[in-house]
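Each reported figure results from applying straightforward, stated rules to the coordinates on display, with no laboratory input. Since this is a predicted model, take the numbers as computed values, not measurements. So basically every Cβ, Gly included, is an ideal-geometry build from the backbone, and we count neighbours across all protein chains shown.
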Amino acid sequence: MSGDNWTEQHIPDQRGRVAIVTGANTGLGFQTARMLALHGATVVLAVRDVEKGERAATRITEEAAARGVAARHRAAAVRGEAGVAGGVTVQALDLACLDSVRSAAADLRAAHPRIDLLINNAGVMYTPRRTTADGFELQFGTNHLGHFALTGLLLDRLLPVPGSRVVTVSSTGHRIRAAIHFDDLQWERSYSRVGAYGQAKLANLMFTYELQRRLAPHGTTIAVAAHPGLSDTELARNTPAALRLPVTWLAPLIAQKAEMGALPTLRAATDPAVTGGQYYGPGNRGEVRGYPKVVASSPASHDRAVQQRLWTVSEELTGVTFAVA
């Protein structure tokens with residue numbers, strides 16, 4: 001570990017590393033991409049809205065230039081140091097459409113022979129009952145199946161890279177009315193915004209744990225999970241009416257800024273002491289806010305039989321199989 005109060009100051013030099021961050025044009029994803037770029041990584045903002053992504057990339061690039069990051073890259077290149085290019089680019093990616101996921105993966109594979117970090121950050125929360133382009137319930141399809149497919153399609157770019165990581169962002173919501181409803185995964189018989197979100201976030205954790213089990217024999221890539229606690233972002237815009245008033249009143253008092261909310265993901269992605277299968281979140285009581293530490297997930301998330309069944313079902317639904325047994 002890097003001390004109790006782990007901050008962005010603990011992020012090691014990221015020069016030479018390629019990081020792909022989904023949902024990086026705003027909120028937690030933007031702060032994650034921003035800090036990786038400021039520490040020298042080549043960062044891809046994988047976003048649904050390319051125009052917003054370009055604006056986010058410009059903001060990050062301008063801040064990096066103001067801090068002299070670009071100048072340090074140029075100086076390192078003159079000295080002949082390898083892998084110091086850095087830079088921020090944008091990739092179109094709609095996780096709610098498997099055709100878009102496949103197209104984005106093809107573009108990313110063509111542009112990057114190696115990938116060091118895949119950060120599955122994007123997500124939707126408490127949406128009204130809607131379906132993805134492929135007919136999946138929106139929260140399950142976007143938060144879990146889209147990232148499952150993207151990871152599987154890019155995994156062979158990570159496996160040869162020592163120290164590479166897949167970081168998937170979950171939520172304390174994985175404990176709330178959460179179960180994997182194999183008899184009605186798409187919530188066609190009845191629908192609960194909160195229950196569907198809980199299922200999707202539980203699936204994120206189960207995917208991480210099963211992926212780590214499959215990666216372990218290879219010894220190069222690890223799978224880690226993180227959650228941001230209660231952070232002040234746009235994610236809660238679909239909060240149900242019954243919860244909207246208390247959230248509106250309480251959030252400004254207890255929510256932490258997106259910069260703090262991104263720290264568990266950044267620690268999971270960069271701390272040399274991280275090991276596969278860990279779960280990082282804010283360290284204060286209730287995991288609502290605070291500096292990132294290893295936290296525990298629900299007993300349900302560790303059900304190995306359900307993890308394996310979810311994996312098999314996810315392969316069937318997405319048509320994506322992984323290069324790990």
Exercise for the section: Report ³J(HN,Hα) in whole Hz for each residue of the range 157-171, in order, from the Karplus equation J = 6.51 cos²θ - 1.76 cosθ + 1.60 where θ = phi - 60°; Gly and Pro get x. Expected result: 7, 8, 4, x, 9, x, x, 6, 9, 10, 10, 10, 8, 9, 6
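Rg to Rh ratio, the chain, alpha-carbon atoms and Kirkwood radius?
0.95
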Problem - In sequence order, calculated HN-Hα J values of the range 51-56 (Karplus, 6.51, -1.76, 1.60; Hz; x Gly/Pro) - result: 4, 5, x, 5, 5, 5
Problem - Computed [θ] at 222 nm, deg cm²/dmol, the chain (DSSP H ≥ 4; -39,500 (n - 2.57); rounded to nearest 500) - result: -12500 deg cm²/dmol
Completion exercise
Taking Cα atoms, the helix 193-215 axis meets the longest principal axis of the chain at an angle in degrees (rounded to 10) of 50
Handout entry: For I115, distant residues with modelled amide H under 5 Å away
Key = L158
Practice task
Between the alpha-carbon centers of the range 271-299 and the range 186-229, tell me the distance in whole angstrom.
Solution key: 15
Completion exercise
Which of T265, T61, T208 fluctuates most in a GNM of the chain (C-alpha springs under 10 Å)? That residue is T61
Practice task
Could you work out how far apart the two model spin labels at R189 and R177 are, taking each label as a point 7 Å from the Cα in the direction of the beta carbon, and quote it in nm?
Solution key: 1.6
Exercise for the section: Obtain the nm distance between the two label points defined at E54 and H218 by a simple spin-label model: each point lies 7 Å from its Cα along the Cα-to-C-beta direction. Expected result: 3.4
Problem - Label point distance in nm, E316-R67, each placed 7 Å from Cα along Cα→Cβ - result: 4.7
Practice task
Return the single residue from A258, A111, A269 with maximal mean-square fluctuation; model: Gaussian network over the chain, springs between Cα atoms under 10 Å.
Solution key: A111
Completion exercise
Sorted by chain and number, the residues with a modelled amide H under 5 Å from that of G87, at a separation of 5 or more or across chains, are V43
Practice task
May I have the extent of the alpha carbons of the range 93-234 along their three principal axes, as whole Å values ordered from largest to smallest?
Solution key: 44, 33, 28
Exercise for the section: Take the chain, connect every pair of alpha-carbon atoms lying under 10 Å apart with a spring to form a Gaussian network, then pick out the residue of H181, H227, H147 with the largest mean-square fluctuation. Expected result: H181
Exercise for the section: Would you work out which of T220, A149, G281 lies farthest towards the positive end of the dipole of the range 14-316? Charges go on Cβ: Lys and Arg +1, Asp and Glu -1. Expected result: G281
Handout entry: ³J(HN,Hα) computed for each position of the range 304-311 - Karplus, 6.51 cos²θ - 1.76 cosθ + 1.60, integer Hz, glycine/proline x
Key = 5, 5, 5, 4, 5, 5, 4, 4
